[in-house]
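> Here it is, the structure in full.
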Amino acid sequence: MKEIVGKNVFLTGGSSGIGLSTARLLAAAGANVVIFARHERGLEAALVQIESRRASAAQRFACRSLDVADRERVSAVMAEAVQSLGAPDILINNVGRALPRHFEDVTFEQFDETMKTNLYGAWNTISVLVPHMKAGGGTIVNVSSMAGFIGVFGYTDYCASKFAVVGLSEALRQELRCYGITVAVLCPPDTDTPGLANEDAAKPAETKAVSAGARLMQPDDVARALIRGIERGTFMIVPGGEGKLAWSMKRHLPALVDMIMRRGIRQAQK
Ligand SMILES: NC(=O)c1ccc[n+]([C@@H]2O[C@H](COP(=O)([O-])OP(=O)(O)OC[C@H]3O[C@@H](n4cnc5c(N)ncnc54)[C@H](OP(=O)(O)O)[C@@H]3O)[C@@H](O)[C@H]2O)c1
């Protein structure tokens, strides 16, 4: 079991949803936590919540503003964070965005921005921080999605980015093992966050139909699964019973998964 107490955690997208829940639980578990996001006000409000979960006076908490898609800014901000707070033992690449739409309504600009945020964003932080993590080892968790192993109607750009995050993580796991760095990927099902509320407002009817009936997870439960995954060194972290069932069905009964999706889509299109 890997220790959390006293570890330095760098967490992107830590001011909302799954990221904020994870930061709060890591603080309660005794970690030092640095959160990164774009908007200062959200970061500062999140930091107050994280501070309130402190387990000991020795813990350090901080926030830094950056856009993970901006490679130069990531490079400068991460270098400064390492210098002033120390190298991370745990890096969690949690930033992600989704704008569900029919494929023909997805502009090149949307596709480009989704890839830059969800995939390049993770690449940017990893490439800057791995040189600092190699000496001490640690864990990198990249947040994908169930839409990172199941193609979902209305999510062509999102699925492309999240499948890619799984591939990046699997290859990286092989390469970084020799430095004592474990790479994992988190694939949450639908989770009750501000991000999902925005997505729901834009979902095509078919997308709503295929996810109807699925249980909505709470961000604290997803965060608990993430932290358990880090402690155990699990590669594919799929929170919740329904998520695990979907992951198992996708591997062993892919035709059944396709049939269930087609049925929902046909009903919505009637
Ligand atoms: N919620 C779900 O149902 C669900 C399901 C499966 C997977 N996921 C994945 O889980 C992760 C978290 O989702 P969530 O729903 O918790 O998100 P959320 O509530 O929308 O929070 C997103 C966080 O990322 C930050 N962020 C967004 N774009 C950024 C950028 N370009 N650079 C830096 N920070 C940025 C946001 O702060 P700022 O706006 O201030 O930057 C915020 O802190 C995402 O990768 C998402 O794809 C979510």
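> Inside the range 39-67, can you point out the residues that are buried (at least 16 other Cβ atoms within 10 Å of the Cβ) and within 17 Å of Ile90 (Cβ to Cβ)?
Ile50, Arg53, Gln59, Phe61, Ala62, Cys63, Arg64
> Please verify whether Lys244 is within 12 Å of the ligand (Cβ to nearest atom), within 26 Å of Thr12 (Cβ to Cβ) and basic (Lys, Arg), treating the condition exactly as stated.
It is false that Lys244 is within 12 Å of the ligand (Cβ to nearest atom), within 26 Å of Thr12 (Cβ to Cβ) and basic (Lys, Arg).
> Among the residues of the range 201-221, write down those that are assigned to a helix (DSSP H, G or I) and near the ligand (Cβ under 8 Å from one of its atoms).
Once the filter is applied, which keeps residues that are assigned to a helix (DSSP H, G or I) and near the ligand (Cβ under 8 Å from one of its atoms), the range 201-221 yields only Pro219.
> A follow-up question, please. So the check is Cβ under 6 Å with 6+ separation or different chains; which pairs have a first residue in the range 110-133 that's within 21 Å of Ile90 (Cβ to Cβ) and a second one that's part of a helix (DSSP H, G or I) and of a type in the set (D, E, K, R)?
Pairs found: Asn124/Arg71.
So that you can scan it fast, the table gives a plain yes or no per residue for (1) modelled with pLDDT under 95; (2) assigned to a loop (DSSP other than H, G, I, E, B); (3) within 17 Å of Thr139 (Cα to Cα); (4) within 6 Å of the ligand (Cβ to nearest atom):
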| position | (1), (2), (3), (4) |
| --- | --- |
| Ser15 | no, yes, no, yes |
| Thr22 | no, no, yes, no |
| Leu43 | no, no, no, no |
| Leu47 | no, no, no, no |
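> Considering only residues that are among the small types (Gly, Ala, Ser), within 11 Å of the ligand (Cβ to nearest atom) and in a loop (DSSP other than H, G, I, E, B), which ones fall in the range 138-165?
Just the residues of the range 138-165 that are among the small types (Gly, Ala, Ser), to begin with: 138, 144-145, 147-148, 151, 154, 160-161, 164.
When the remaining residues are screened for being within 11 Å of the ligand (Cβ to nearest atom), the result is 144-145, 147-148, 161.
Those that are among the small types (Gly, Ala, Ser), within 11 Å of the ligand (Cβ to nearest atom) and in a loop (DSSP other than H, G, I, E, B): Ser144, Ser145.
> Considering only the range 24-41, state which residues are outside any loop (DSSP other than H, G, I, E, B), away from the ligand (no atom under 12 Å from the Cβ) and either β-branched (Val, Ile, Thr) or in contact (Cβ under 8 Å) with a residue 40 or more places away in the chain (or both).
Arg24, Leu25, Leu26, Asn32, Val33, Val34
> Which numbered condition in (1) more than 10 Å from the ligand (Cβ to nearest atom); (2) within 19 Å of His102 (Cα to Cα); (3) in a helix (DSSP H, G or I); (4) of a type outside the set (D, E, K, R) is the only one that Asn198 fails?
For Asn198, the exception is condition (1).
The values are calculated or read from the model by the stated rules, or taken from the named source; none is laboratory data. Here the structure is a predicted model, which means the values were calculated and not measured. Counting neighbours? That spans all protein chains shown, and the Cβs are built from the backbone with ideal geometry, glycine included.
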